[in-house]
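Before we start, here is the structure in question, set down as structure tokens.
Derivation of every value follows stated rules applied to the coordinates shown; laboratory data play no part. Just so it is clear, the model here is predicted, and its values are computed rather than measured.
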């Protein structure tokens, strides 16, 4: 029983750092797609790094990538970016951890 993380947007194998893939049929999971891809249609390694970062935010915050609302869906970054800018790390971390974490760890 080994957990694996998969399908966080679109994963592609590239020969070099500058390679990219242009697709006319974008695929991926809502909330994990890189905004740069959404505007340009180009996938690259940065797209996967962005998607993985969203997963890390989910793990840290205990929230889902998209919170569906009656009028508007809210993305996890809409919620946590203002807190990060203010330096409110304590308010970002999942309260179920009950303070059992080190904000200075890297």
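Hey, could you grab the Kirkwood Rh for region 30-96? Inverse mean 1/r over distinct alpha carbon pairs, Å, one decimal. Spell out each step's value before the answer.
On the way: mean 1/r = 0.0778 Å⁻¹.
For region 30-96, the Kirkwood estimate is 12.9 Å.
State, as an integer percentage, the relative contact order of region 30-96 based on alpha-carbon contacts under 8 Å between residues 6 or more apart.
Answer for region 30-96 is 26 percent.
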